[in-house]
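The values are calculated or read from the model by the stated rules, or taken from the named source; none is laboratory data. Bear in mind the structure is a predicted one, so any value in this text is a computation, not a measurement. Here the Cβ positions follow ideal geometry from the backbone for every residue, glycine too, while neighbour counts run over all protein chains shown. Calculation scope for accessible area: heavy atoms of the full protein, side chains included, ligands and nucleic acids excluded. Shrake-Rupley method; radii C 1.70, N 1.55, O 1.52, S 1.80 Å.
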Amino acid sequence: MNIRDIGMCFLLSAIAGTGVGGGGLFMIYLTGPMGFSQLPAQAVNLFYFMAAAVPSVLTRFRTLPFRLTGLCIAGGIPGVILGSYVRNLLPEEMLAKIFGILLAASGAAVFFIRERKEKKPQNSDFFKTE
């Protein structure tokens, strides 16, 4: 790892701190210029995300919608377990293609879908932080 890699990790972490999908950008950097294959890049990205998540949560703790956060965690844990199982069944080349398709679809959705007016949810208590 050289100074350029450290600088890119810093830059991508700063971008991730703004709420942009820094993990996806980091995967592109790992599999592109760094030359990692898909599976080791995923492992590095998971550790990177865990380290970056702690300061992000701490700086946004007051604005966390706790009920929604709990629901995301409740769905996320079984999703991670299922995803890890599926990852062991698929060849690395297929995982790379699936990741690329999902990344392209996500980018296209952000780019092409018009910004919608934010509407208050019917049950606004759901999103309260207290």
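Scanning segment 87-102 for residues that are out of contact with any helix residue (DSSP H, G or I) (no Cβ under 9 Å at 6 or more places or on another chain), more than 21 Å from residue 29 (Cα to Cα) and surrounded by 11 or more Cβ atoms within 10 Å (Cβ to Cβ) yields nothing. The single condition from (1) open to solvent by less than 60 Å² (accessible area, probe 1.4 Å); (2) modelled with pLDDT of 85 or more that residue 73 fails is (1). Evaluating residue 31 against the criteria (1) surrounded by 17 or more Cβ atoms within 10 Å (Cβ to Cβ); (2) of a type in the set (Ser, Thr, Tyr); (3) without any contact (Cβ under 8 Å) to a residue 40 or more places away in the chain leaves one unmet condition, (3). In the set (1) modelled with pLDDT of 85 or more; (2) out of contact with any Lys or Arg (no Cβ under 9 Å at 6 or more places or on another chain); (3) surrounded by 12 or more Cβ atoms within 10 Å (Cβ to Cβ), residue 67 fails one condition alone, (2).
Residue pairs whose Cβ atoms lie under 6 Å apart, sitting 6 or more positions apart in sequence or on different chains, and linking a residue in segment 6-20 that is assigned to a helix (DSSP H, G or I) to a partner that is surrounded by 10 or more Cβ atoms within 10 Å (Cβ to Cβ) and modelled with pLDDT of 80 or more, are 8/29; 12/25; 12/26.
Could you give me the residue pairs with C-beta distances under 9 Å whose first residue belongs to segment 80-107 and is among the small types (Gly, Ala, Ser), whose second residue is modelled with pLDDT of 85 or more and surrounded by 11 or more Cβ atoms within 10 Å (Cβ to Cβ) wherever it lies, and which are 6+ apart or on separate chains? What qualifies is 96/31; 96/37.
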